Amino acid sequence: MVEGQDQNPRGTAATIDRRKAANRQARSCRVCRLRKVKCDRVKPCHACCAHGHPSKCVYDSPIDEDELQPISQSDEIRNLRNEISELRARINSQGNRAQGHRRLAELERVFDSIRSAPLDVVNNIIWQIRASHGSVDGPALLPRPADEAGVYSETTPEDENVVTDGTLSIAPRNFPVRNRTPSAGSIIDDFTDDGYGTSGGLGTSESQFGEDDLYVCGPVSRFAPQSPALDVFIQRFVDAFSPEVDLSSGRAGAIRAAADIRMFSPMISNAFDAVSATFFGRSVRDPRVESSGLKLYPKVLRSLQQALLDPERSRSEATLVTVTLLMAFESIERTTQGSIAAHAMGAMQLFRHRGAENHIYGVEHLLFTELRPYWVGAALVNRRPSFFADEAWKTVPWSAETTVKDILHYLLDIVVDIPAVLAQYDDLEASQSSGVLGNGELMAKQTKLWNGVADLTQQFLQWKKDWVDDYPAGPPKEVESQGDDSFPVFRCRDLRTMKIITPKTLVYPDLRLAQTMCVYYATRLILSSVDTRPTDRVTPAEQYTLACNICRSMECYLRQAPGNMINRLALPVRVAWEALPRKGVEREFMQEIFKLVEKRHSLSLWGSAMPEISPRAGSPPKVEGG
């Protein structure tokens, strides 16, 4: 009996130890447990951020005790942003401005500290915030400024205008009031006076960070504080390239979601800085701001190159986000003729390297599904069989129903097979020119090509019957005019009389159908360019009609599309341009559209008529393994 009593406490103690060990392990994220590395128990944790996978930081906790829940930096920062916005609005509407300004300044300093202070300080601040949720005013949340030795000391009146973390200085900021849109001049002055316009970078001067700091993803403490002007630039860029739209317009939240995670990756943050400042500078026609973005662009390119050389970082969402942002940058600035095509081909390589299974959730899913027309367009430009035609890429990204396939995606499921047919045509042409193959082999290649064209043509016609003819909101309609302003008027030839006429404009019930039909017309045109069948081929008159239908759709889309969603029609417009007569009135209209889009949306890509995205044979830059 005594012996049993001696064993039972030991057994109980062992059980308790095992439970404690299990609880301690559960407090680490799933990735850190699998990698067997130390987890700082922040969500997303330092290790996941450092490897470029913040969205994969998931915690499996067996118990529901609040004290064991991971710290969600993004949630707390989002809450702070919301409270700051509410306070700004309240300051405008209430008389107690002094108290509101003090609280606003306090919150802004807390927000800057969360972004720039050491990790242990960030953790402490966030736990203070959580502890204060039960009170009205909460405890004093301001972190103590650091002295030169990096040791935090009490705040003195002289220190109230500057908060440092031992390395960086956080200057006082004058945030623009939310209910009042700041003038372009005040924003630019704030931007340049803050030193960002002359330091060689936006928010990160070269004296603060070395080259390696730009390449390696790290914790939140690596970030320099941003100016309010730069926040305005980023918001302006996000609103333009990722406007908040409903499903009838097509999803457009990928870049907005990427902006929400930029705090976890210096590479993404620098990319947003470069692109947004360049876009804002072009929008307000201020070369000072535009040149500031251009100065940071080479650093972003170098950091991307370094990431691509790392087998693990090349698969990270940060790398994919950066490549996507650089495509947006090139549509704004167009640094070289082949730059946007090179980034698009690079994105294709990244998708293949990452695999379809890595695009089921989060930002990665949105970047693939929302921007899928761009990636499929890049495959068309490349004119080679594409891995996008594999069944996995047609199904796996939607397997968790994060989003649902719509009319456009079912069309793209057909379009992804066109690059292989284009490659067959190019191979047949090369074989006929070389004279190496005999007539029998050439005939076999030609028959294979014709069968492929006939099969895809039938799939297109069936798709139109299934999805367009019975579209819930109704089919496209023809109207005389949509307005009396100076919008370019499309004119073409009546193929029966060959006279110049002004055809009716095509109007669509929603933007998604308008975009989808333009993609349909364009891809039918691309396929018809390699259709050499003696019968049942698309005739030149039908090709002309398809190109004119794209032109007739431009007014409807341009008038309704928010932000820079017009970029979604870039490839269809270029395809139509190539199908129209070189010196006809149709191209005169297209030239006016190019100028209008460049002026209205600050997109220099359109001003160039976009030759780099041409799918014609011999025009695209070739990328091995595309």
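A short reminder: the numbers here are calculations on the coordinates, not readings from a lab. Because the structure is a prediction, the values reported are computed rather than measured. Cβ placement follows ideal geometry from the backbone for every residue including glycine, while neighbour counts extend to all protein chains displayed.
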(request) Starting from the Kirkwood radius over alpha-carbon pairs of the range 431-613, derive D by Stokes-Einstein at 25 °C in a medium of 0.890 mPa s and give it in µm² s⁻¹. (result) 136
(message) Once R0 is set to 45 Å, what does the formula 1/(1 + (r/R0)^6) return for the Cβ-Cβ distance between GLN349 and SER248, expressed as a FRET efficiency to the nearest 0.05?
(response) 0.85
(message) Report the Rg/Rh value for the range 295-374, based on alpha-carbon coordinates and the Kirkwood definition of Rh.
(response) 0.95
(request) Quote the FRET efficiency, to the nearest 0.05, computed for ASP390 versus ARG90 with a Förster distance R0 of 51 Å and r equal to the Cβ-Cβ distance. (result) 0.40
(request) Using only C-alpha atoms and all pairs of different ones, pull out the Kirkwood radius for the range 231-382 in Å with one decimal. (result) 15.6
(message) Name the residue from ALA579, LEU558, GLN459 whose Cα lies farthest towards the positive end of the charge dipole of the range 431-613, charges +1 on Cβ of Lys and Arg and -1 on Cβ of Asp and Glu.
(response) ALA579
(request) Can you tell me the alpha carbon radius of gyration of the range 364-429 divided by the globular rule-of-thumb value 2.2 N^0.38 Å? (result) 1.16
(message) Applying a 10 Å radius around every beta-carbon, put 317-328, 451-462, 264-275, 376-387 in order of their mean neighbour count, most first.
(response) 264-275, 317-328, 376-387, 451-462
(message) Using a Förster radius of 56 Å, what is the FRET efficiency between SER431 and THR402 based on their Cβ-Cβ separation? Nearest 0.05, please.
(response) 0.80
(request) Could you line up TRP606, TRP467, TRP577 from fewest to most neighbouring Cβ atoms inside 10 Å? (result) TRP467, TRP577, TRP606
(message) If I model a spin label as a point 7 Å beyond the Cα along the Cα-Cβ vector, how far apart are those points for ASN79 and ARG537 in nm?
(response) 6.7
(request) Within the range 438-527, list the GluC sites (Glu not before Pro) lying in a DSSP loop whose Cβ has at most 15 other Cβ atoms in a 10 Å radius. (result) GLU480
(request) Order by neighbour count: VAL519, VAL245, VAL436, fewest other Cβ atoms within 10 Å first, most last. (result) VAL436, VAL245, VAL519
(request) In nm, give the distance between the simple-model label positions of ASP60 and ARG30, each being 7 Å from the Cα along the Cα-to-Cβ direction. (result) 0.7
(request) Please list the non-local residues whose amide H lies under 5 Å from the amide H of CYS29, H modeled 1.01 Å from N, same-chain partners needing a gap of 5 or more. (result) ARG41
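Find how much the distance from LYS477 to GLN462 grows on full extension, using 0.36 nm per residue of separation minus their present alpha carbon separation; answer in nm with one decimal.
3.3 nm
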(message) For a quick check: sort ARG81, ARG568, ARG41 by the number of other beta carbons within 10 angstrom, fewest at the front.
(response) ARG81, ARG41, ARG568
(message) How far apart, in nanometres, would the label points at ARG285 and ARG582 be if each is projected 7 angstrom from Cα along the Cα-to-Cβ direction?
(response) 3.4
